[in-house]
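To start, the structure itself, in structure tokens.
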Amino acid sequence: MYFVYNLFMAYDGFTTAAVTAEIQNTLEGGYLSKIIQPEKDALLLTFKTPDGQKRLALSANASLPLVYLTDTNRQAPLQAPGFCMLLRKYIGGGRLISVSGVGLERVLILTLERRDEMGDLRTWQLITEIMGKHSNIILTDSEGCIVDAIKRIPASVSSVREVLPGRRWFIPNTAAKKDPFTLSGVSFAEMIGEKTSPLYKAVYTSLTGFSPVMAEELCYRARVDGGLPAHTVPKGEMMRLGRVYETMIEEVKNKSFDPVMICEGNKPREFSSVPLSQYRDLQQVHFPSVSLLIEKFYKEKEQVSRIRQRSADLRHVVQNILDRDIRTLSLQEKQMQDTSRKNTCRLYGELLHAYGYSIDPGARQAEVENYYTNETVSIPLDPLLSVQQNAEKYYARYNKLKRTAEVLQGRMEEMREEIRHLESIAESLDTAADEKDLLQIRQELSDCGYIRSKSSSVKKQSPGKAMPLHYRSSDGFDIYVGKNNYQNEEVTFRLASGNDWWFHAKNMPGSHVIVKSDGRELPDRVFEEAGRLAAYYSRGKLAPKVEIDYTLRKNLKKPAKGKPGFVIYYTNYSLMAEPDIADLEYLPS
């Protein structure tokens, strides 16, 4: 369901240029009818155009900055943030007169005009900078003076450029990169040919807009080894690289884009606004719109990024308690090792009682025979005590160590259970798909006493009940997956009936997976698919294969006073499953 890839390797200057061209064709001349700020660092703009309403998403999220056209509406917060109110004041209802970029920089500029309170026509620029952690959305006047920004950057944060009201807007050229639109093929070849770094790296570190992928694509198209040091590449090959470079830049200038997603199996690996020849052996899926491609590629990743940010406080709480419990368990295990001498103390006391008559008063040590093993045992003695008192001292030490071991055994089991519970919550945080899941996990932490209850605020903010994941097997059987401990209990003890099948990763935190049998016998393929789901939604999801326990629901019992989502069973089967669910049908709730 979630993919792992480098977030910024695809959204380069070529993609920005394609998005800019698409927005020009779609929105120019339209009127900005609605502005909302669904996230602290994101905007959703709605334009009225001759073709109807169109929406533009702008995100300055540090881990996932994006710009794309979308059909998806977003929920506006109950109270609009200050930056959103400012935009409504200055550009709300304004006409979009132009959409432009800055060379191949990852910058999009929307120029709007609107009459002010005096009836004078004023021009404003809404600038989106897609620059990783430095991403921002900035409003300037017609002279380039900053009115405000979604992220204010004072001099104490950046010595290169302040982003504050009243300052002038500019793009800092800290890397001294060249604008590809100003370089001919010959100039490009001469500049790159002087570099000592690998050729492909010399390209993307010298030019704006080029990502490592596009630099490798340039080398591949020119049939030049991009791994060679640039200054060692023969002049003929370097000139060929320059000609291919000119062709690529000319395609951008002519807006000759062909959005494509590169897939490896069923998983997206890369995307680009132009076909990537270097991946010709992989599946290439073409899209009619670069915005549609971006939304498809990043949708899951953006959701995961947002949820991880919002769950940061919960992760911190869980990890701190886990670290504390692991340290406590380690100390308890050391104490338990110290009690291992208890049986020796009991034996010494017993032998002293048996052989006390033969031991001289005031002796510091007694050599006696262990009648259990027929071996000689040396017993240390306190010479100030009688043999009987030494025996009683050993018995007293034995009883103390025995009581300590009994108490420690119970406490260690409680600590292990708490650690298993916290590990299951940590896994739930990785599986959480939306705000409702996080609220459910927060409620569990509160119910178990790990955090203070915020019942009133949680109830006020609650967007509804979080539902388990729903899949359908190849043979038409419904499969449900709990995303946290409360949902695990829901699918296992309320949704499932006695003859439904239950799956779970063996000896590790993970989701409960229930297959609704509806009284039918399950084909072998269903067991395999349910096993893959249990493997994927577990701590072992990165392993090649995971051992899965499965059994009928009627074989499960919840232990008395057990933690949420914990079950016991004595009858089960096992299978090995790959954590790959790409081909399974997911049914959104």
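Read the figures in this text as sums done on the coordinates, not as results from a lab. As the structure is a computational prediction, the values presented were derived from the model and not from experiment. Backbone-built Cβ (ideal geometry, glycine too); neighbour counts: all protein chains shown.
Structural remarks
- Förster radius 51 Å - calculated FRET efficiency between residue 403 and residue 239 (Cβ-Cβ, nearest 0.05): 0.05
- For the stretch 469-586, the dipole from Cβ point charges (+1 on Lys and Arg, -1 on Asp and Glu) about the Cα centre works out to 700 debye, to the nearest 20.
- Cα-based Rg / Dmax (Å) for the stretch 292-430: 27.8, 96
- Percent RCO, i.e. relative contact order, over the chain, from Cα pairs under 8 Å lying at least 6 residues apart: 8
- Per-residue extension of 0.36 nm, minus the Cα-Cα distance of residue 161 and residue 256, leaves a gain of 30.8 nm for this segment.
- The stretch 476-521 versus the stretch 27-100: alpha-carbon centroid distance in Å: 42
- Value of Rg to Rh for the stretch 380-448 (Rh from inverse mean 1/r over Cα pairs, i.e. Kirkwood): 1.49
- Pairs of alpha carbons in the stretch 397-528 whose separation is greater than 28 Å (percent): 35
- Scalar couplings 3J(HN,Hα) for the stretch 193-200, obtained by applying the Karplus form with A = 6.51, B = -1.76, C = 1.60 to θ = phi - 60°, are x, 8, 7, 9, 6, x, 4, 5 Hz; x denotes Gly and Pro.
- The phi torsions of the stretch 30-47, fed into the Karplus equation with coefficients 6.51, -1.76 and 1.60 and a -60° offset, translate into couplings of x, 10, 6, 8, 8, 10, 10, 10, x, 10, 5, 10, 9, 10, 10, 9, 10, 10 Hz, rounded to whole numbers, with Gly and Pro shown as x.
- Calculated FRET value between residue 115 and residue 545, using beta carbons and R₀ = 41 Å, to 0.05: 0.05
- Computed magnitude of the charge dipole of the chain (debye, nearest 20; Cβ of K, R +1, Cβ of D, E -1): 1480
- Packing-based ranking, highest mean first, of 74-82, 221-229 given that Cβ atoms within 10 Å are counted: 221-229, 74-82
- Volume of the Cα convex hull of the stretch 469-586, divided per residue and given in Å³: 92
- Gyration tensor (alpha-carbon) shape descriptor, the stretch 74-127, a/c threshold 1.5: oblate
- Highest to lowest packing among 138-145, 554-561, 509-516, 95-102, scored as the average C-beta count within 10 Å: 509-516, 95-102, 138-145, 554-561
- At full extension, residue 281 and residue 327 could sit 11.5 nm farther apart than now, given 0.36 nm per residue minus the alpha carbon distance.
- The stretch 460-526: Rg to Rh, with Rh as the Kirkwood radius over Cα pairs: 1.02
- In this structure, the amide hydrogen of residue 377, modeled 1.01 Å from its nitrogen in the peptide plane, lies closer than 5 angstrom to those of 368, 369, 370, counting only residues at least 5 positions away or on a different chain.
- Couplings for the stretch 325-331, taken from phi via the Karplus curve 6.51 cos²θ - 1.76 cosθ + 1.60 with θ = phi - 60°, read 5, 5, 5, 4, 4, 5, 5 Hz in order; Gly and Pro are left as x.
- Length released on extending from residue 334 to residue 561, taking residue separation times 0.36 nm less the Cα-Cα span: 78.9 nm
- Exposure proxy ranking, count of Cβ atoms within 10 Å, fewest first, for 317, 252: 317, 252
- Dipole of the chain computed with +1 at Lys/Arg Cβ and -1 at Asp/Glu Cβ about the Cα centre; of 276, 254, 165, farthest Cα towards the positive end is 165.
- Sequence-distant residues sharing a close amide H with residue 585 (under 5 Å, placed H): 472
- A Förster radius of 51 Å, combined with the Cβ-Cβ distance separating residue 309 from residue 382, puts the computed FRET efficiency at roughly 0.20.
- Against the chain, whose longest principal axis comes from its Cα atoms, helix 290-310 is set at around 40 degrees.
- Around the Cα centre of the stretch 416-547, unit charges on the Cβ atoms of Lys, Arg, Asp and Glu (plus for the first two, minus for the last two) sum to a dipole of about 460 debye.
- Kirkwood Rh (inverse of mean 1/r, distinct Cα pairs), the chain, angstrom: 29.5
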